[in-house]
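Quick notes on the structure that follows.
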Amino acid sequence: SRLWVVGTVGLIAILALQATHYFRAELANQPGIGPIVRSVYAAFGAEFSPAWDLSQYEILDWIAIAEPGATDQDTLSITARIRNNGPVAQPYPSLHLERKDRWEQTVGSRMFAPAEYLPADQRGTGLMAAGTTVSARLDVADRNEDVYGFELDICLDSAPGGIACVSDATVFE
């Protein structure tokens with residue numbers, strides 16, 4: 001009967017490990033257990049993207065100003081404020097900029113990493129605390145391409161090699 005107890009405890013432990021592995025993306029977000037799950041996987045050299053909640057982010061406002069550049073090209077400077085409205089800390093998001101012509105067709109697009117839009121004193125390598133608002137500045141060379149507007153979108157890594165964005169739920173690969 002002792003072997004049955006040891007075997008049962010072993011099988012329960014294996015089942016718990018299997019459940020933890022299956023739900024690892026969801027568990028990595030949880031305040032209490034998330035850091036433990038991420039550190040255990042990091043210790044084994046395994047990488048995965050937690051199931052971050054894109055709906056927590058909000059672009060509060062944005063302003064675009066055309067400025068003369070240091071070279072022959074003018075610069076379009078876009079400033080925005082991004083807020084994490086959710087209950088948990090999440091990574092600093094990437095910003096996807098699409099420049100539009102007068103017919104709302106995309107003229108150009110670019111993904112900006114947090115290090116590219118955050119001020120120099122903020123690197124964006126850690127997690128963005130819940131309730132935090134950060135300022136973003138995007139400087140884009142203006143090549144006089146008949147650009148009449150733009151759209152900003154918040155994006156995060158969704159899987160190895162993929163990026164999910166808020167507005168259209170597309171995954172870029």
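The values are calculated or read from the model by the stated rules, or taken from the named source; none is laboratory data. This one's a predicted model, so the numbers in the text were calculated from it and none came from an experiment. All Cβ positions, even for glycine, are placed from backbone atoms using ideal geometry, and neighbour counts span all protein chains on display. Just the protein is used for accessible areas: all its heavy atoms, side chains included, with ligands, DNA and RNA removed. Shrake-Rupley method; radii C 1.70, N 1.55, O 1.52, S 1.80 Å.
Summary of computed values
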item: Candidate set: the range 123-169, residues that are closer than 16 Å to Ser77 by Cα and of a type in the set (S, T, N, Q); chosen: the one modelled with the highest pLDDT; result: Ser135
item: Residues within the range 92-106 that are within 26 Å of Arg123 (Cα to Cα), open to solvent by 30 Å² or more (accessible area, probe 1.4 Å) and in a strand (DSSP E or B), tallied; result: 1
item: Filter result for the condition that a residue is modelled with pLDDT of 85 or more and part of a loop (DSSP other than H, G, I, E, B), over Gly10, Gly45; result: Gly45
item: Yes/no for Val6 being among the β-branched types (Val, Ile, Thr) and open to solvent by 60 Å² or more (accessible area, probe 1.4 Å); result: yes
item: Residue check, Ala80 hydrophobic (A, V, I, L, M, F, W, C), touching a residue at least 12 places away in the same chain (Cβ under 8 Å) and touching a Phe, Trp or Tyr at 6+ places or on another chain (Cβ under 9 Å); result: yes
item: Residues satisfying the stated conditions in the range 14-29, i.e. of a type outside the set (Phe, Trp, Tyr) and either out of contact with any Gly (no Cβ under 8 Å at 6 or more places or on another chain) or open to solvent by 90 Å² or more (accessible area, probe 1.4 Å) (or both); result: Ile14, Leu15, Ala16, Leu17, Gln18, Ala19, Thr20, His21, Arg24, Ala25, Glu26, Asn29
item: Filter result for the condition that a residue is at pLDDT 90 or above and more than 22 Å from Ser135 (Cβ to Cβ), over Ala113, Ala70, Ala16; result: Ala16
item: Tally, over the range 39-87, of residues that are more than 21 Å from Leu138 (Cα to Cα) and open to solvent by less than 30 Å² (accessible area, probe 1.4 Å); result: 3
item: Every pair of residues 6+ apart whose Cβ atoms lie under 8 Å, when the first sits in the range 107-122 and is open to solvent by less than 60 Å² (accessible area, probe 1.4 Å) while the second is among the aliphatic types (A, V, I, L, M) and not in a strand (DSSP E or B); result: Val107/Val147; Gly108/Val147
item: Residue among Pro119, Pro93 that is within 27 Å of Pro50 (Cα to Cα) and touching a helix residue (DSSP H, G or I) at 6+ places or on another chain (Cβ under 8 Å); result: Pro93
